[in-house]
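Take a look at the structure set out below.
The values are calculated or read from the model by the stated rules, or taken from the named source; none is laboratory data. Bear in mind the structure is a predicted one, so any value in this text is a computation, not a measurement. Positions of Cβ are backbone-derived with ideal geometry, glycine not excepted, and every protein chain shown enters the neighbour counts. The accessibility values were calculated without ligands, DNA or RNA, using every heavy atom of the protein model including side chains. Shrake-Rupley method; radii C 1.70, N 1.55, O 1.52, S 1.80 Å.
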Amino acid sequence: MSGRRLGLLVPGFSASEEDWCIPALLDLVRALAAEDDVRVFALRHPAREERYSVAGAEVIPFGGDGGGAWGRVLRFRRVVRTIVAEHRRRPFDLLHAFWAHEPGALGALAAARIGRPLVVSVLGGELVHLPAIRYGGGEGPLNRHLASFALSRARLVTAGSRFLLAEAAERVAEDRLALAPLGVSTERFFPARAPRLEGAPALLSVASLVPVKGHAVLLDALARVAATRPGAVLHLAGKGVEGAALLARAGSLGVAGRLRLHGELPHDALPALYRGADLVVVPSLFESQCLAALEAAACGTPVAGSAVGILPEIVPQELLAPPGNAAELAAAIEAGLAPAARAGALRAPLPPGLALAGSVARWRELHARL
């Protein structure tokens, strides 16, 4: 193989081609493995220990650790020793950790042992703290220290949006920072005809039902929109701890009959869902990037939502609202339902750097830099 030898550290990875554990990482690994020798160290998922191959890469999982502090210490030692042994077997050119806390810290320890550069990609809330909902890496001291350790030792730190890059810039020198979004497959997500979702209008949100995704704010906004649009229906695709609470809130707001819960859907079922909606809404209180917004945009469906993650880079200003503000989110939804917004979404292709091919080219450029 003519490419580089890459060691990727991830919290979890697909157990097979049909397992969309973290879809963007599966797509990325498949694309990188077309030219590079890729070994994936899956720290938490799947819950098995035998090696296997998927998407052209060799996957080395570590199973469970039994819980507790001592179990985590033993896992850390085992991961680092395994990476060192793999380097002796077939030397790496570099290590790349996705998420800065546990993967980043273990990547830093291993990179120091084998004398290879480390890339750390911040992909979630590792650098933020939202105490009202107990979200982010700042919530607990361990993850806070792991992320700090990783960022201080990485040769290069990447973020998937300018919004998140600004957070990282408070901790990392500019010459070690780079913008590198995860891309979406335009072979899977593209404009096409699809059955319409129920509702006039049909609003859609695709996200786990957890507090940081802002569904409670979205229900408040739905109540405002429904006052002038009696046919409005909100579709939620995803599962999580907030399901029952959201149903109760919808009842108290008088919009329970306008809510449709689809649960968790297979990744390949999402394109038709996006295409069938009038508007995709991202009400999140925080996003590092937001792949759902990119997937919807790639399908030609307009997006409105909070001014977080990648949204300010791809969504017109009038379709954005401050996080947590239901009144302004309702106004953004109304702007997104205008005929001009739909026409603009269909005319505007996904920026090349946010499609999978452009994203992979960016990763290759950064790997070459090291």
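Key figures
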| item | result |
| --- | --- |
| Helical contribution to [θ] at 222 nm, DSSP H n ≥ 4, -39,500 (n - 2.57), averaged over the chain, rounded to 500 | -11500 deg cm²/dmol |
| q = 0.18, 0.28 Å⁻¹: log10 I(q)/I(0) that the Debye formula gives for region 142-186, counting C-alpha atoms only | -0.55, -1.03 |
| Cα centre as origin, Lys/Arg/Asp/Glu Cβ charges: region 196-315 dipole, Debye | 380 |
| Per residue solvent-accessible surface (Å²) - region 273-370, probe of 1.4 Å | 34 |
| Signed unit charges on C-beta, dipole axis of the chain, positive-most listed residue 191, 132, 253 | 132 |
| Selection from 270, 310, 243 lying farthest towards where the dipole of region 215-370 points positive, charges on Cβ | 270 |
| Semi-axes of the equivalent ellipsoid for region 1-135, Cα gyration tensor, largest first, Å | 23, 18, 16 |
| Leading residue at positive end of dipole, region 1-131 (Cβ point charges), from 25, 92, 115 | 115 |
| Label-point separation in nm, residue 239 to residue 268, each point 7 Å along Cα→Cβ | 2.0 |
| The chain, Cα convex hull volume normalised per residue, Å³ | 133 |
| Residue-by-residue Karplus 3J(HN,Hα) for region 261-267, coefficients 6.51, -1.76, 1.60, Hz, glycine and proline x | 9, 8, x, 7, 10, x, 4 |
| Rh by Kirkwood over Cα pairs, then Stokes-Einstein D for region 129-268 at 1.002 mPa s and 20 °C, µm²/s | 118 |
| Dipole in debye (nearest 20) - region 86-135, about Cα centre, beta carbon charges: Lys, Arg +1; Asp, Glu -1 | 240 |
| Region 248-370 - convex hull of alpha carbons, volume per residue in Å³ | 139 |
| Span from the region 1-42 Cα centroid across to the region 322-362 one, whole angstrom | 28 |
| Size of charge dipole - the chain - debye, nearest 20, with Cβ of Lys, Arg +1 and Asp, Glu -1, no other charges | 780 |
| Heavy-atom accessible surface of the chain: percent carbon and sulfur, 1.4 Å | 55 |
| Packing-based ranking, highest mean first, of 297-308, 136-147 given that Cβ atoms within 10 Å are counted | 297-308, 136-147 |
| Taking region 1-135 and dividing mean pair separation by its residue count, relative contact order in percent (alpha carbons under 8 Å, at least six apart) | 23 |
| For residue 231, net neighbour charge (Lys/Arg +1, Asp/Glu -1) across residues whose Cβ lies under 11 Å away | 0 |
| In region 243-342, the GluC sites (Glu not before Pro) that fall in loop regions by DSSP, at most 14 other Cβ within 10 Å | 264 |
| Rounded, prolate or oblate (a/c below 1.5 giving rounded, otherwise prolate when a/b exceeds b/c) for region 252-311 by Cα gyration tensor | oblate |
| Mean Cβ count within 10 Å, highest first, over the residues of peptides 236-244, 55-63, 342-350 | 55-63, 236-244, 342-350 |
